[in-house]
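Asker: Take this structure first; my questions come after.
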Amino acid sequence: MPQPLNYLKETASQTAGPYVHIGLIPAMAGFDIFEKNFSNVLVTPNTKGERITLEGRVLDGTGTHLRDVLLEIWQANAAGRYNHPADRSSGALEEEFRGWGRAGSDFESGFVTFETIKPGAVADKAGRRCAPHINLWIVARGINIGLNTRLYFSDEEAANAADPVLNLIEQPVRRKTLIATRSERGGKVVYSFTINLQGPEETVFFDV
Amino acid sequence: MNAQAPALRDPRLNRPEPLAPPLGDGGFFQRDRSIHPPAHAPGYKSSVLRSPRQSLLSLEGSVSEITGPVFGENDLGPLDNDLIRNYAKDGDPVGERIIVHGRVLDETGRGVPNTLVEFWQANAGGRYRHKKDTYLAPIDPNFGGCGRALTDDTGYYYFRTVKPGPYPWRNYVNSWRPAHIHFSVFGSGFAQRLITQMYFEGDPLIPICPILTTIPDKDALDRLVAPLDLNASAPFDSLAYRFDIVLRGQRSTYFENRTAGN
């Protein structure tokens, strides 16, 4: 017998269940318990970059929107720098901009929104420039292990066409599932997205 | 399971300290999907329409995945890890008082320091303080059912609560959840993000739970069951259960792009 490696095993995932809101966004679930709450607003008045609203829905295999889903986003700042010590790139760090937010879907309409800024481009390990993107993580009742995907921006056509991750997707038609569509509404920039959990337009999910 | 192991060492592991290579930015160990529930698990009916059917696209960890949000004490309030007090209006909540404690580790056995652990649960009667929960067990006016803590430098966390009750749910006509506490854990990189549930040693509902049995690996299922930890209990006050959580290990960059501090 060779020596045992003795690595531990990752703890198994379990669904977040139907009541994830009371645990992770209690204020939105209608009760006031914490002094400080996490939210879907990532920006402060001092945050640099273009203000954007992300607005999306998550659809099940019948095309019905989920009304009990929770999303988290993780992103770089406008200079393309993540607020984390493992990002050793040269973009300017903004201490006030954590780059993370969470939101539950509206209990009726199913819409999920975030108020944030459009991130700058980051480089991958090989130094290739990646198109600006926001990392997305999805949990809900019926989702046994959190789903990872990304949002790219419809007005970054050239950068998207060269993006090393989008180009890993074999079928070009599936790349479109990750692109949020830019529009302007009441003077605000809105990027709309739809996450399809199943079906011919199933969103590309990643094993990160 | 050995509930009498020395404090702060995972009592279910009982093996030598594993090798812990230096921290690097080489990404995380590949996730072993065989120990996780599959997305499509028909016994848990809600998963049928909510499970992706295409293969996941495997990504080599880039800066987008090896980084993740950083939290600090400023994000928390003083009662956030005390569910007996953090929603009390005119007295203590009803139920068995318990302490839940353990460590957040990674697959190398290293503690994950300063990471956010969040938890939520039903009250002692099995009812959540959520507008969508209509189970006939009463709401407890003194119990909110959620809390959070930051791990210390060694990855240790603890909180106080009441033991949640089992409750019925709509899967089969007579499906009951074993008593459980939901956990959300971050780790240092977004790729380590994990939500799971902790169960209690000895609960007869565990082997017949349609959600718990989505886990295909018996050992992985057992690792979600917290043993009674009598040594950590407070005499004449609270029993204790111990729950260690293991997140994905972090690879090191042994020979390439070695930078200061690695």
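Where a number appears in this text, it was derived from the coordinates with a stated rule and is not lab data. This is a predicted model, so every value here is computed, not measured. Positions of Cβ are generated from backbone atoms using ideal geometry, with glycine treated the same way; all protein chains shown enter the neighbour counts.
Conditions tested, residue by residue: (1) away from chain A (no Cβ under 11 Å); (2) of a type in the set (Lys, Arg); (3) out of contact with any helix residue (DSSP H, G or I) (no Cβ under 7 Å at 6 or more places or on another chain).
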site	(1), (2), (3)
B:Ala124	yes, no, yes
B:Tyr128	no, no, no
B:Leu136	yes, no, yes
B:Ala149	yes, no, yes
B:Val162	yes, no, yes
B:His180	no, no, yes
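Asker: Report yes if some residue within segment A:128-144 is under 16 Å from B:Leu59 (Cα atoms), surrounded by fewer than 15 Cβ atoms within 10 Å (Cβ to Cβ) and within 11 Å of chain B (Cβ to nearest Cβ); otherwise report no.
Answerer: So far as segment A:128-144 goes, yes, one or more of its residues are under 16 Å from B:Leu59 (Cα atoms), surrounded by fewer than 15 Cβ atoms within 10 Å (Cβ to Cβ) and within 11 Å of chain B (Cβ to nearest Cβ).
Asker: Follow-up question, since we're still on this one. I'd like the full set of residues that are among the charged types (D, E, K, R) and either within 17 Å of A:Ala86 (Cα to Cα) or out of contact with any Phe, Trp or Tyr (no Cβ under 8 Å at 6 or more places or on another chain) (or both), limited to segment A:100-131.
Answerer: A:Asp106, A:Glu108, A:Glu115, A:Asp124, A:Lys125, A:Arg128, A:Arg129, listed by residue number.
Asker: With the checklist (1) surrounded by fewer than 21 Cβ atoms within 10 Å (Cβ to Cβ); (2) part of a loop (DSSP other than H, G, I, E, B); (3) within 11 Å of chain A (Cβ to nearest Cβ) in hand, flag the one item B:Asn74 doesn't pass.
Answerer: Result: B:Asn74 passes all but (2).
Asker: So if I check each of A:Asn46, A:Asn6, A:Asn40, which one is more than 7 Å from chain B (Cβ to nearest Cβ) and surrounded by fewer than 19 Cβ atoms within 10 Å (Cβ to Cβ)?
Answerer: Residue meeting the stated conditions: A:Asn46.
Asker: Follow-up question, since we're still on this one. State the number of residues belonging to segment B:30-48 that are facing chain A (nearest Cβ under 8 Å), surrounded by fewer than 18 Cβ atoms within 10 Å (Cβ to Cβ) and assigned to a loop (DSSP other than H, G, I, E, B).
Answerer: 3
Asker: Can you name every residue in segment B:111-142 that is under 27 Å from A:Leu5 (Cα atoms) and surrounded by 22 or more Cβ atoms within 10 Å (Cβ to Cβ)?
Answerer: Listed by number, the residues that qualify are B:Val112, B:Thr115.
Asker: Of the numbered conditions (1) more than 8 Å from chain B (Cβ to nearest Cβ); (2) over 20 Å from B:Glu60 (Cβ atoms); (3) free of Cβ contacts under 8 Å to residues at least 60 places away in the same chain; (4) not acidic (Asp, Glu), A:Gly63 fails exactly one; give the number of that condition.
Answerer: (3)
Asker: Continuing with this model, one more query. When A:Arg57 is evaluated against the numbered criteria (1) crowded, with 19+ Cβ neighbours inside 10 Å; (2) touching a His at 6+ places or on another chain (Cβ under 9 Å); (3) within 10 Å of chain B (Cβ to nearest Cβ), which criterion, by number, is the only one it fails?
Answerer: (3)
Asker: Just checking, does segment A:157-168 include any residue being in contact with a strand residue (DSSP E or B) (Cβ under 6 Å, 6 or more places away or on another chain), in contact (Cβ under 8 Å) with a residue 24 or more places away in the chain and crowded, with 16+ Cβ neighbours inside 10 Å?
Answerer: Within segment A:157-168 (the criterion being in contact with a strand residue (DSSP E or B) (Cβ under 6 Å, 6 or more places away or on another chain), in contact (Cβ under 8 Å) with a residue 24 or more places away in the chain and crowded, with 16+ Cβ neighbours inside 10 Å), the answer is yes, since at least one residue qualifies.
Asker: Which strands (runs of 3 or more DSSP E) sit wholly inside segment B:159-229 and have at least 2 residues that are under 15 Å from the mean Cα position of the chain (by Cα)?
Answerer: It comes to B:180-185, B:194-200.
Asker: Residues to consider are B:Arg53, B:Arg103; find the one that is free of Cβ contacts under 8 Å to residues at least 40 places away in the same chain and either in contact with a strand residue (DSSP E or B) (Cβ under 7 Å, 6 or more places away or on another chain) or surrounded by fewer than 18 Cβ atoms within 10 Å (Cβ to Cβ) (or both).
Answerer: B:Arg53
Asker: Please enumerate the residues belonging to segment A:1-27 that are aliphatic (A, V, I, L, M) and over 19 Å from the mean Cα position of the chain (by Cα).
Answerer: The answer is A:Met1, A:Leu5, A:Leu8, A:Ala12, A:Ile22, A:Ala27.
Asker: Ok, one more. List, please: which pairs have Cβ atoms under 6 Å, are six or more places apart or on different chains, and start with a residue in segment A:1-27 that is under 27 Å from B:Asp75 (Cα atoms) and end with one that is aromatic (Phe, Trp, Tyr) and not in a loop (DSSP other than H, G, I, E, B)?
Answerer: These pairs meet every condition: A:Ile22/B:Trp120; A:Gly23/B:Trp120.
Asker: Which of the residues that make up segment B:123-152 are touching a strand residue (DSSP E or B) at 6+ places or on another chain (Cβ under 6 Å), in a loop (DSSP other than H, G, I, E, B) and aliphatic (A, V, I, L, M)?
Answerer: Selection gives B:Ala124 alone.
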